[in-house]
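Student: Below is one structure. I have some questions about it.
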Amino acid sequence: MLLGFFISLQAETFSTSTNSVQTLTIGTNEAIFITTLKHTGNLSDPLLATVTQNFNTSVLPLLTKLGWGTTPAYAFAGPMTIQFQQANVVMEFQRVQTTNVFTTIFNASNGVVINVPTNKTVKFLQPISWFYLNDVDNAYPAALLTLSNSTTVVKDSLDGGENFSEPVDITLIAGYSGIGNTFTNGWVTYYFTEEFAALPIVGATTVPAGTSMIAIEKSQDLAHWNTIFFKLVGTDQTGFYRFKVSN
């Protein structure tokens, strides 16, 4: 096994308007990591995304601010196309080649099941649903999950940032039943962490100030690479990073 370490400093920018609707395409074995997202309207106006995935099209929400002006950490995995038909949007993101990131769409009536097999751990980013977007102060979460394994069944909220290890089945539904509102669809991105690399020291590198993405890629032949670790980092000062490997 060969491991390649790289730091990507180049971002892509996507712009679209109601007068000239553009399509953001995420290819097979690709994922994008959004660092900046701005659009016309205010916090109470939903940013609607028309998403086509596996030949199915849904209108889904994006919560573009947390608190006062903070953009949530979003990643979307392909194959997928996204259009913003009702707002002017500017988005900056970083694109990586990976087979280890997944985006799934869920609703309040039909649960999406994610199977975490033996020797694997899944990590979730922040889920977003219509109810969470329209009433962020309400106690209902964006997504509800049911965890089941050979010992127990647990029902709770999914808030983003959670890890779940094997073997477990995870069922996701939207946190809102749709009563009084026909929109219940939501989406969430997750990835498996089983191939993270760690320990002992082999060196260090510097990253200039600003937002960067640090990633580790794995290859069997030096020709085909898959991302097995990624992390967006942001700092006002230059940082030092080192890469560690152990058996």
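Student: Go through region 86-124 and count every residue that is in contact with an Asp or Glu (Cβ under 9 Å, 6 or more places away or on another chain), of a type outside the set (Ser, Thr, Tyr) and assigned to a strand (DSSP E or B).
Tutor: Result for region 86-124: 15.
Student: Can you list residue pairs whose Cβ atoms sit under 8 Å apart, with the first residue in region 117-129 being not assigned by TED's automatic domain parsing to the domain that holds Thr104 and the second being surrounded by 14 or more Cβ atoms within 10 Å (Cβ to Cβ) and not in a loop (DSSP other than H, G, I, E, B)? Count only pairs 6 or more apart in sequence or on different chains.
Tutor: Once the first residue is not assigned by TED's automatic domain parsing to the domain that holds Thr104 and sits in region 117-129, no partner that is surrounded by 14 or more Cβ atoms within 10 Å (Cβ to Cβ) and not in a loop (DSSP other than H, G, I, E, B) comes close enough.
Student: Ok, one more. List the number of the failed condition for Thr146; all other conditions in (1) at pLDDT 85 or above; (2) loosely packed, with under 13 Cβ neighbours inside 10 Å; (3) among the polar types (S, T, N, Q) hold.
Tutor: Going through (1) at pLDDT 85 or above; (2) loosely packed, with under 13 Cβ neighbours inside 10 Å; (3) among the polar types (S, T, N, Q) one by one, Thr146 breaks only (2).
Student: Let me ask something else. When you scan region 108-118, do you find a residue that is over 19 Å from the mean Cα position of the chain (by Cα) and modelled with pLDDT of 85 or more, even just one?
Tutor: Checking region 108-118: at least one residue is over 19 Å from the mean Cα position of the chain (by Cα) and modelled with pLDDT of 85 or more.
Student: Do you know which of the residues in region 70-107 that are under 25 Å from Gly175 (Cα atoms) and of a type in the set (A, V, I, L, M) is modelled with the lowest pLDDT?
Tutor: Residue satisfying both the conditions and the ranking: Ala73.
Student: It is to be established whether one or more residues within region 11-26 are at pLDDT below 90 and over 30 Å from Ile228 (Cα atoms).
Tutor: Checked region 11-26: no residue is at pLDDT below 90 and over 30 Å from Ile228 (Cα atoms).
The values are calculated or read from the model by the stated rules, or taken from the named source; none is laboratory data. Because the structure is a prediction, the values reported are computed rather than measured. Ideal geometry is used to build each Cβ from the backbone, glycine not excepted, and the neighbour counts take in all protein chains shown.
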